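J.: This is the structure I want to talk about, given as structure tokens.
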Amino acid sequence: MKLSVLVLFTAVAVALSIGMVNFYFQHSFYYLAISFGVSFLSSFLVFYYLLEKYIYNKIKLIYKLIHNLKLGKDLKDALGEYVSSDPINDVEHEVKEWAGAKKKEIDLLKKQEQFRREFLSNVSHEFKTPLFAIQGYIETLQDCITDDPDMAIKFLKKAENNVERLSYLINDLDAIAKLETGESPINYQKFDFVSLAKDVMENLEDRAKAKNIKLFFKDKYTAITSVNADREKIRQVLINLIVNSIKYGIENGETAIKIFELHDQFLIEVTDNGMGIEEKHLARLFERFYRIDTHRAREVGGTGLGLAIVKHILEAHQQTISVRSTPGIGTTFAFTLQKADK
């Protein structure tokens, strides 16, 4: 409600009250009209002055501050100064919106803080495990290097394996950091996705055979499936997804790739018939170091960063990845790639 309308209603109410009181004592419509007119005029002027000076102007200032905060400096400079015609209603609306936005911001900050704590805890744990192992092997080596050379070589090999694990962790963390900051540019090129996928599956065939897992295409693709992307980074995406399906797949299982043609994209699905994933884990599956079964994850190896790298690579391509899974049936990872121009 505008200030003038608010003051008008208030002045009418005051003037009418005074006029009725005057009529009660004087019993004259003449004096009622005079008292009503004088009261209305004086009330209107006094209320308008007082409300504008002590309340309305302060509300306008609050509205202006909140409005400018919401716009930000750049947008405010571009649009210029904005003056509301009805700041009383607008400030209520703006405050509600501003409070809602701040609540969402606070909730997001709390989630980020929780994620930061978990991430630091996971990083610490992932690094401590191989470091403590290396320390133990070196201490043992000092005792048996002269008395038992064969045992010394065995412990050297174990220490080497843990050094390699540390190296993988550092390289994967470095890869994610570079993708996040844009230091690892996307070298777009036109290539045949089917040819790349066949190459990846051939390279992983021996690893899959160790668990009797079959790698194959669900359909026969004879035509060239040309995409516009970074070939080596998409190779890494496929390797990580297929290796993940092998690690957590079942004996005598299978992993299949299927391609769907969309309007200007290809949808690629990597599906396995492994143990599956419970729904409560799906939302956090692409987080760094997030593991569904910590004990099993340690047994099968890996850094716990593979799916996080996959997500960052596809986001750097401005593409998406999703996952659906049913425990006991299997898991499907689906991602999109841009079609190449013909």
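J.: Calculate the spin-label point distance for residue 329 paired with residue 205, positioning each point 7 Å from the Cα along the beta-carbon direction, and give it in nanometres.
T.: In this crude label model, residue 205 to residue 329 measures out at 3.2 nm.
J.: Once you put a point 7 Å from the Cα of residue 190 and another 7 Å from the Cα of residue 25, both along the Cβ direction, what distance in nm separates them?
T.: 9.7
J.: So which of 178/198; 211/233; 190/280; 111/198 end up more than 30 Å apart by C-alpha?
T.: Where the Cα-Cα span goes over 30 Å, the pairs concerned are 190/280; 111/198.
J.: Just to verify a number: FRET efficiency for residue 144 and residue 265, C-beta to C-beta distance, R0 = 51 Å, to 0.05?
T.: Result of the calculation: an efficiency of 0.30.
J.: Related question: Hey, any idea what % of the range 189-326's accessible area is carbon plus sulfur with a 1.4 Å probe?
T.: So the carbon and sulfur contribution to the accessible surface is 46 percent.
J.: 7 Å from Cα along Cα→Cβ at both residue 160 and residue 258: what's the point-to-point distance in nm?
T.: 4.5
J.: Now, a different point. Before anything else, pin down the relative contact order of the range 169-228: Cα pairs under 8 Å, at least 6 apart, normalised by residue count, whole percent.
T.: That works out to 46 percent.
J.: Assuming 0.36 nm per residue, please report the length gained on full extension of the stretch residue 5 to residue 34 beyond their Cα-Cα distance.
T.: Extra length from residue 5 to residue 34 when fully extended: 8.2 nm.
J.: Mind ranking 204-213, 233-242, 179-188 by how tightly packed they are, going by the mean number of other C-beta atoms within 10 angstrom, highest first?
T.: Result, highest mean Cβ count within 10 Å first: 233-242, 204-213, 179-188.
J.: Something else now. Using 0.36 nm per residue of separation minus the Cα-Cα distance, give me the extension gain between residue 99 and residue 283 in nm, one decimal.
T.: Full extension of this stretch gives 63.5 nm more.
J.: Hull surface divided by four, with the convex hull built on the Cα atoms of the range 204-342: how many nm²?
T.: So the mean shadow area of the Cα hull is 8.6 nm².
J.: So if each residue of separation counts as 0.36 nm, and I subtract the Cα-Cα distance between residue 46 and residue 224, what length gain in nm does that give?
T.: 55.8 nm
The values are calculated or read from the model by the stated rules, or taken from the named source; none is laboratory data. Just so it is clear, the model here is predicted, and its values are computed rather than measured. Positions of Cβ are generated from backbone atoms using ideal geometry, with glycine treated the same way; all protein chains shown enter the neighbour counts. These area figures cover heavy atoms from the full protein model, side chains too; ligands, DNA and RNA do not enter into them. Shrake-Rupley method; radii C 1.70, N 1.55, O 1.52, S 1.80 Å.
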